[in-house]
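**Student:** If you scroll down you'll find the structure; I have some questions about it.
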Amino acid sequence: MKKVGIIGVGEYLPEKILTNADLEKIVDTSDEWITTRTGIKERHVAAKGQAASDLALPASIQALKDAKINPEDLDLIVVATITGDMPFPSVAAILQDKLGAKKAACFDLSAACAGFVYGISVAQQFLACGTYKNALVVGVEVLTSVTDWQDRNTCVLFGDGAGAVVLTEVKEGGIISTYLGCDGSKVGILNLPAGGSRLPASAETVKNRQHFLKMQGNELFKIAVNTMTKAAEVVLAQAKMTFADIDLIIPHQANARIIMAVAKKLGIPEERVYLNIERCGNMSSASTVTALCEAVREGKVKRGDVILLDAFGAGLVWGACIIKW
Ligand code: ACO
């Protein structure tokens, strides 16, 4: 098997910013509640008409430039998203055309907040066994398009954005270990009820606000802490490493309290945890990857560093990954 690593990163956040003060004008909430309960201060919001592929494009162009490869060199595009441009075709197909990546095989992957970790794990398999040479993995969401702006329990949490990485064979370092999991018995606590084959769109589903994301956040909180802790332990055990070997943990950014509880359980000091939740909120599939891209750009991930990605979301699904940079 070939060693596979990330050779280019890129991210894009829409221009418009929605602050907690803005939200105070929309629902019965306060900056104080949102900040203390979640760690979020503001989030980016896609402009009207700006769809997932529009966010994925600049992130992908930046990642390709960083990797110093051309779109025509891509063999595979995997887009992790739960808010694609439309139910079908895939964002990956639309992105392929926008990029001019004519020879790439393309598909989307639905694993909510664990989508990017699932995505790099899937792409790694194609590259490690030699089927493909270069892959682009994107995590992108326009979550504000499925946010119920009348529901204060959820509308304060989410934001829009995109991150992209280029994967290829590397001589040194690369992906050391990945671990993916799912518990499908808890679909009911986080989902978007209508618009699929179970409840096709109708006047009634629209009236009942069933095209918006529904979440029992309180129930998820404890599960998220325990699952992310366990996922990190499993992936480290697989790699025969300990937490002392990890330079930076880049977790899914659902709630700063969840992240800090996980870090505490794992015995990882705060300064080795990367956070962008304060500026971005929860961007589901786009969270872990944009955090990774920002950390690299800010010089917080350097050559030789070992990083741990750890994510959890609707499914319920989870994934963890150790990468030597
Ligand atoms: N402003 C003010 N008050 C609020 C708000 C708000 N925006 N939202 C809820 N409240 C109120 C509630 O109504 C409740 O009031 P009550 O006690 O009078 O009933 C009170 O605050 C406490 O509500 P909780 O839900 O218990 O608050 P909690 O501390 O659990 O925080 C939160 C809620 C932030 C959602 C948290 O539970 C959480 O982060 N959960 C995990 C989310 C997660 O991991 N999701 C998975 C990934 S997302 C994906 O896959 C797309």
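The values are calculated or read from the model by the stated rules, or taken from the named source; none is laboratory data. Worth saying up front: this structure is predicted, and the values here are computed from it rather than measured. Note that we place each Cβ from the backbone using ideal geometry, even for glycine, and neighbour counts take in every protein chain shown. Surface areas here come from the heavy atoms of the whole protein model, side chains and all, with no ligands, DNA or RNA. Shrake-Rupley method; radii C 1.70, N 1.55, O 1.52, S 1.80 Å.
**Student:** In a GNM of the chain with a 10 Å cut-off on Cα contacts, which of SER30, SER53, SER177 has the highest mean-square fluctuation?
**Tutor:** Among SER30, SER53, SER177, the largest mean-square fluctuation in the Gaussian network model of the chain belongs to SER30.
**Student:** Determine the relative contact order of the chain: mean sequence separation of Cα pairs under 8 Å and six or more apart, normalised by residue count, in whole percent.
**Tutor:** 26 percent
**Student:** Can I ask one more? Run down the aspartates and glutamates and flag those whose C-alpha is under 17 Å from the C-alpha of LYS207, throwing out any fewer than 8 positions away in its chain.
**Tutor:** ASP148, ASP151
**Student:** Please report, as a whole percent, how much of the solvent-accessible surface of the chain comes from carbon and sulfur atoms (probe radius 1.4 Å).
**Tutor:** Numbers: 7490 of 14170 Å².
Of all accessible area on the chain, carbon and sulfur atoms account for 53 percent.
**Student:** With springs only between Cα atoms under 10 Å apart, run a GNM on the chain and tell me which of THR227, THR290, THR205 wobbles the most.
**Tutor:** THR205
**Student:** Can you give me the relative contact order of segment 176-324 as a percent, contacts being Cα pairs under 8 Å and 6 or more apart?
**Tutor:** 36 percent
**Student:** Which one, PRO58, VAL78, HIS211, projects farthest toward the positive side of the charge dipole computed for the chain from Cβ point charges (K/R +1, D/E -1)?
**Tutor:** Going by the charge dipole, the pick is VAL78.
**Student:** Also, quick follow-up: Can you give the accessible area of GLU42 in Å² (nearest 10), computed on protein heavy atoms with a 1.4 Å probe?
**Tutor:** 50 Å²
**Student:** Which value, in debye to the nearest 20, describes the size of the charge dipole of segment 176-324 about its Cα centre when Lys and Arg Cβ atoms bear +1, Asp and Glu Cβ atoms bear -1, and nothing else is charged?
**Tutor:** Once rounded to the nearest 20, the dipole reads 220 debye.
**Student:** Work through the residues other than GLU15 whose Cβ is under 13 Å from its Cβ and net out their charges, Lys, Arg +1 and Asp, Glu -1.
**Tutor:** Working: positive: LYS16, ARG43, LYS48; negative: GLU42, ASP54, ASP160.
After counting each charged neighbour, the total is 0.
**Student:** Along the charge dipole of the chain, which of ALA164, ASN134, GLY115 sits closest to the positive end, that is, farthest toward it, with unit charges on the beta carbon of Lys, Arg, Asp and Glu (+1, +1, -1, -1)?
**Tutor:** Going by the Cα projections, it comes out as ASN134.
**Student:** Would you please give the residues with an amide H less than 5 Å from that of VAL4, counting only those at least 5 places away or on a separate chain, with H modeled from the backbone geometry?
**Tutor:** VAL170, ILE175
**Student:** Could I ask something else about it? Can you work out the Karplus-derived ³J(HN,Hα) for every residue in segment 247-258? Use 6.51 cos²θ - 1.76 cosθ + 1.60 with θ = phi - 60°, whole Hz, and x for glycine or proline.
**Tutor:** Those phi angles translate into 7, 8, 9, 10, x, 4, 9, 8, 6, 4, 5, 4 Hz.
**Student:** Using a ≥ b ≥ c from the Cα gyration tensor of segment 1-126 (square roots of the eigenvalues), is it rounded, prolate or oblate, where a/c under 1.5 gives rounded and otherwise the larger of a/b and b/c decides, a/b for prolate?
**Tutor:** It comes out prolate by the Cα gyration axes.
**Student:** What shape does segment 176-324 take by its C-alpha gyration tensor, where a ≥ b ≥ c are the square roots of the eigenvalues and a/c under 1.5 counts as rounded, a/b above b/c as prolate, and the rest as oblate?
**Tutor:** It is prolate, given that a/c is not under 1.5 and a/b is the larger ratio.
**Student:** Could you go through segment 186-198 in sequence order and give the Karplus-derived ³J(HN,Hα) for each residue, using 6.51 cos²θ - 1.76 cosθ + 1.60 with θ = phi - 60°, rounded to whole Hz, and x for Gly and Pro?
**Tutor:** 10, 4, x, 8, 7, 6, 10, x, 10, x, x, 6, 5
**Student:** If you don't mind, there's one more thing I want to ask. Starting at the first residue of segment 152-167, write each ³J(HN,Hα) from the Karplus equation 6.51 cos²θ - 1.76 cosθ + 1.60 with θ = phi - 60°, in whole Hz, x for Gly and Pro.
**Tutor:** 5, 5, 10, 5, 7, 9, 9, x, 10, x, 8, x, 9, 9, 9, 10
**Student:** What full-extension length gain, to one decimal in nm, is calculated for HIS211 and GLN238 as 0.36 nm per residue of separation minus the Cα-Cα distance?
**Tutor:** Value of the extension gain: 5.7 nm.
**Student:** Quick one: if you stick a label point 7 Å off each Cα along the C-beta vector at ALA201 and VAL170, how many nm between them?
**Tutor:** Spacing of the two 7 Å Cα→Cβ label points: 4.1 nm.
**Student:** Here's another thing I want to ask about it. Run the 1.4 Å probe and let me know the accessible area of ARG152, rounded to the nearest 10 Å².
**Tutor:** For ARG152, solvent-accessible area is about 130 Å².
**Student:** With label points built 7 Å along Cα→Cβ from the Cα atoms of LYS264 and PHE88, find their separation and express it in nm.
**Tutor:** 4.7 nm
**Student:** Between VAL27 and ARG303, 0.36 nm times their residue separation minus their Cα-Cα distance comes to what?
**Tutor:** Details: separation 276, 0.36 × 276 = 99.36 nm, distance 4.51 nm.
Result: 94.9 nm gained on full extension.
**Student:** Something else now. Would the chain count as rounded, prolate or oblate if I go by the C-alpha gyration tensor, calling it rounded below 1.5 in a/c and otherwise prolate when a/b exceeds b/c, oblate otherwise?
**Tutor:** Because a/c hits 1.5 or more and a/b fails to exceed b/c, the chain counts as oblate.
**Student:** In the chain, if the dipole is taken from +1 on Lys/Arg beta carbons and -1 on Asp/Glu beta carbons about the Cα centre, which of MET1, CYS106, SER287 is farthest to the positive end?
**Tutor:** The listed residue farthest towards the positive side: MET1.
**Student:** Name the most mobile residue of VAL27, VAL166, VAL206, meaning the one with the largest mean-square fluctuation, in a Gaussian network model of the chain with Cα contacts below 10 Å.
**Tutor:** VAL206
**Student:** I've got another one for you. Under a straight-distance cross-link criterion of Cα-Cα below 24 Å, which lysines are reachable from LYS103, leaving out those fewer than 8 residues away in the same chain?
**Tutor:** Qualifying lysines at Cα under 24 Å: LYS2, LYS3, LYS65, LYS68, LYS133.
**Student:** For the chain, with only Lys/Arg (+1) and Asp/Glu (-1) charged at the beta-carbon, what is the dipole magnitude about the Cα centre, in debye rounded to 20?
**Tutor:** Magnitude of the dipole: close to 540 debye.
**Student:** Obtain the nm distance between the two label points defined at VAL187 and LYS65 by a simple spin-label model: each point lies 7 Å from its Cα along the Cα-to-C-beta direction.
**Tutor:** 4.3 nm
**Student:** Turning to a different aspect of this structure: Once you charge only the Cβ atoms, +1 for Lys and Arg and -1 for Asp and Glu, what is the size of the charge dipole of segment 4-172 about its Cα centre, to the nearest 20 debye?
**Tutor:** Its charge dipole is roughly 380 debye.
**Student:** Leaving out ligands and nucleic acids, and using a 1.4 Å probe, what accessible area per residue does the chain come to in Å²? The partial results should precede the final answer.
**Tutor:** On the way: 14170 Å² over 325 residues.
Roughly 44 Å² per residue, with all protein chains present.
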